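A quick write-up on the structure given underneath.
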Amino acid sequence: IPGANDGGSSAGLLLELCRCLSEAASKMPFNHTLWVIFFDGEDTGDTPETMFYGSRHLAERVDREGIRIRSLILVDMVGDKKLGIARDRNSDPRLNDLIWSLASAMGYGSYFKRSSMSVLDDHIPFSAIGVPSSVIIDFRYGPMNCYWHTQRDDLDKIDPASLKIVGDVVYEAVLSLDRGKPALGDLSRT
């Protein structure tokens, strides 16, 4: 499957985010270590025990070794020409509040919807070990979701403006979290 949106859009966004965050860090060092992680094996099963191979492995290692993670923001399927991101009910509400308020303040509120849904994605293993986690995903891809996991998931369905919108919001969220806002309280491992 080509995977221009499901796989490609988030990988491309993260590569550009790395460049932008590196540039920002050269002007003012970050207060925290930032990890940019590319997970794999998320769609291979149908239960949390048979899905999320890469993220489950890392979350188990983080938990076993006592590595402290302040928060996790996951991006997945964010390049759709008709961008519409619902709030995930399996994500940390405070982290979602930060992301949605930043999107609104940046003029992107129409893309970050008030609707909600429950998403099983690579943030679940981190939520399970107490890391405040949020997924940014546009899970409606094409009419009746007809492009998802098909040969039709190709570049003609991707809009660079959607990548910029999500990238801008994630960039600002990372900067805000690095500055200690919001304080995620006792759920945070840092």
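The values are calculated or read from the model by the stated rules, or taken from the named source; none is laboratory data. All values derive from a computational prediction rather than experimental measurement. With ideal geometry, Cβ positions are generated from the backbone for all residues, glycine too; neighbour counts draw on all protein chains shown. Surface accessibility is based on the protein's heavy atoms, side chains included, excluding ligands, DNA and RNA. Shrake-Rupley method; radii C 1.70, N 1.55, O 1.52, S 1.80 Å.
Table: residues versus (1) touching a helix residue (DSSP H, G or I) at 6+ places or on another chain (Cβ under 7 Å); (2) on the phi > 0 side of the Ramachandran plot; (3) surrounded by 17 or more Cβ atoms within 10 Å (Cβ to Cβ); (4) polar (S, T, N, Q).
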site	(1), (2), (3), (4)
D97	no, no, no, no
W100	no, no, yes, no
Y108	yes, no, yes, no
V119	no, no, yes, no
P125	yes, no, yes, no
I136	yes, no, yes, no
F139	no, no, yes, no
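Residues in the stretch 1-33 that are surrounded by 14 or more Cβ atoms within 10 Å (Cβ to Cβ), under 14 Å from the mean Cα position of the chain (by Cα) and of a type in the set (A, V, I, L, M, F, W, C) were compared, and the one that is farthest from G79 (Cα to Cα) is L17. For the stretch 1-51: of the residues being small (G, A, S) and in a loop (DSSP other than H, G, I, E, B), which is nearest to I67 (Cα to Cα)? The selected residue is G41. Residues in the stretch 104-129 that are part of a loop (DSSP other than H, G, I, E, B) and in contact (Cβ under 8 Å) with a residue 60 or more places away in the chain: M106, Y108, L120, D121, D122, H123, I129.
Is it true that V131 is over 21 Å from N5 (Cβ atoms), more than 17 Å from the chain's Cα centre (by Cα) and surrounded by 16 or more Cβ atoms within 10 Å (Cβ to Cβ)? In short, no. Can you name the residue in the stretch 141-150 that is in a helix (DSSP H, G or I) and closer than 22 Å to R89 by Cα and, of all such residues, is most open to solvent (accessible area, probe 1.4 Å)? Residue satisfying both the conditions and the ranking: M144. Those residues that are touching a residue at least 12 places away in the same chain (Cβ under 8 Å), under 13 Å from H123 (Cα atoms) and part of a helix (DSSP H, G or I), I need them from the stretch 54-84; list them, please. Selection gives G54, S55, R56, L58, A59, E60.
Please specify each residue of the stretch 151-178 satisfying the condition of being touching a residue at least 12 places away in the same chain (Cβ under 8 Å), over 11 Å from L83 (Cα atoms), open to solvent by 40 Å² or more (accessible area, probe 1.4 Å) and not in a helix (DSSP H, G or I). Within the stretch 151-178, Q151, D154 qualify. A count restricted to the stretch 57-88 and to residues that are open to solvent by 60 Å² or more (accessible area, probe 1.4 Å) and under 24 Å from D138 (Cα atoms) stands at 2. The listed residues are D76, D63, and the only one of them that is of a type in the set (D, E) and within 16 Å of L163 (Cα to Cα) turns out to be D76.
Would you check if there is a residue in the stretch 88-99 being out of contact with any Phe, Trp or Tyr (no Cβ under 6 Å at 6 or more places or on another chain), more than 25 Å from C18 (Cα to Cα) and free of Cβ contacts under 8 Å to residues at least 40 places away in the same chain? Give the derivation first.
Step one: list which residues in the stretch 88-99 are out of contact with any Phe, Trp or Tyr (no Cβ under 6 Å at 6 or more places or on another chain), which gives 88-99.
Within this subset, residues satisfying the condition of being more than 25 Å from C18 (Cα to Cα) are 89-90, 93.
Filter once more, so that each one left must be free of Cβ contacts under 8 Å to residues at least 40 places away in the same chain: 89, 93.
Among the residues of the stretch 88-99, at least one is out of contact with any Phe, Trp or Tyr (no Cβ under 6 Å at 6 or more places or on another chain), more than 25 Å from C18 (Cα to Cα) and free of Cβ contacts under 8 Å to residues at least 40 places away in the same chain, which makes the answer yes.
Quick check on the stretch 45-80: of everything there that is touching a strand residue (DSSP E or B) at 6+ places or on another chain (Cβ under 7 Å) and among the hydrophobic types (A, V, I, L, M, F, W, C), which residue is nearest to L15 (Cα to Cα)? Only one residue fits best here, namely V75.
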